[in-house]
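What follows is one structure encoded as structure tokens, with my remarks underneath.
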């Protein structure tokens, strides 16, 4: 039998292993995190990080200054990205991801300062040359600078790598492409066997392209309608958000910038009809359409092309000097126009003129004009008047809110028309029978 001889270093290692607690030996010094973003009135922002640890830690060992957080995003379009430090406003421990706060657990939520002027929180990158938003490749550097205490009393530190980028509202939308090649995102309510409305949102100039996401995270245009308030007001609506391949308008001049796009109105109408056809629980008497800026233009044009489809429309700060002869074709459609007086991108007069013409010619129209765009004391872009209706702010003189007004609009369907014409049909049949009887009587 051969004897094994331990060298000095090997003997030291053996002694170290023998005297080291098993919990420390088994400790995994790497952990993962998920990065969360929410779509706010001022756009999409990263506002939370959730760490998943290999073992439980005590909540009282985790502080706001336990971490150094820095954005480390990359451009998808070869533009420079400015990254920097994020401010941690709160930390807490939970026993599951997005769970309730507990005294110990494997998950740590890190809340980040997020407001209109927060730096380095962006999810999209603006390219002035193409006048468009583009998604970034998201990543953050998460550095732990103070050890935690495990439930066993051990001090532990980890290095962190990103697992998933989660966009709270956006991820509730599925993606698709119409038969004619229009990309879209859509939200479907749970199938309860009942009929539900459809709300169509048309994005502005900066959210076109082929990402099939910027049209729903560029602002709250689509995501606002899946909020609890909107879902209750509209009876759990479907939400459909098409994306223009370039710009909705053939041409829009903004100072020295000239945007040239493609007229996709026929394709948008075809998409809406196609979507309604494959979703049998859409209530075709409650289909609503709206959009902002260039999407306001496309709202008008889609309404003009197929007024029979829509129960109501809401063009917001529409980039369109609407022709009066076209307005004549939609006088019977309920419309609510919205704009800000100090809009320095699209003249407010466009909306005023459309409203005044419809009102003077018997149109079913409402108009709300705000002096500026100011929310909670903060000044937003003067063009961003879409923020108001998406927060259900506009009201009629009797107090009816924007959501209440729109959700109450209902278009007569073909079956409704048939029912309403039934007395006339019956009356006509009776008259014909009477005439025939009289003729027969005379012949006798």
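Readers should treat all values here as calculations from the given coordinates under stated rules, not as data from a laboratory. Remember, predicted model here, so these are calculated numbers, not experimental data. Please note: Cβ atoms are built from the backbone with ideal geometry, for glycine as well, and neighbour counts cover all protein chains shown.
For the chain, the longest principal axis of the Cα atoms and the long axis of helix 294-305 meet at an angle of about 40 degrees.
Between residue 180 and residue 129, the simple label model (points 7 Å from Cα in the Cβ direction) yields a spacing of 3.2 nm. Just checking the listed ones, 351, 178, 407: in the Gaussian network model of the chain with Cα springs under 10 Å, the one fluctuating most is 178. For the chain, adding -39500 (n - 2.57) for each run of n ≥ 4 DSSP H residues and dividing by the number of residues yields -7500 deg cm²/dmol at 222 nm. Tell me, how many Å apart are the Cα centres for region 255-315 and for region 69-96? Rounded to whole Å, the Cα centres lie 36 Å apart. One decimal place: the segment residue 168-residue 154 gains 1.6 nm when fully extended, by the rule 0.36 nm per residue minus the C-alpha distance. Classify region 69-204 from the C-alpha gyration tensor, please: rounded if a/c falls under 1.5, else prolate or oblate depending on whether a/b exceeds b/c. Oblate is the answer for region 69-204, as a/c is 1.5 or above yet b/c matches or exceeds a/b. For percent of Cα pairs over 44 Å apart, the candidate list reads (i) 30; (ii) 5; (iii) 19; the entry that matches the value derived from this model is (i). For the chain, the longest principal axis of the C-alpha atoms and the axis of helix 265-278 are separated by about 80°.
If a spin label sat at a point 7 angstrom from the Cα of residue 274 along the line to its beta carbon, the backbone N atoms of region 158-189 nearer than 14 Å would be those of 175-186. The mean sequence separation of alpha-carbon pairs under 8 Å and at least six residues apart, normalised by the residue count of the chain, gives a relative contact order of 11 percent. Computed from Cα atoms, the angle from the helix 348-360 axis to the main principal axis of the chain rounds to 30 degrees.
Looking at the square roots a ≥ b ≥ c of the eigenvalues of the Cα gyration tensor of region 172-412, which shape do they give, rounded for a/c under 1.5, prolate if a/b is larger than b/c, or oblate? Note, shape of region 172-412 comes out rounded.
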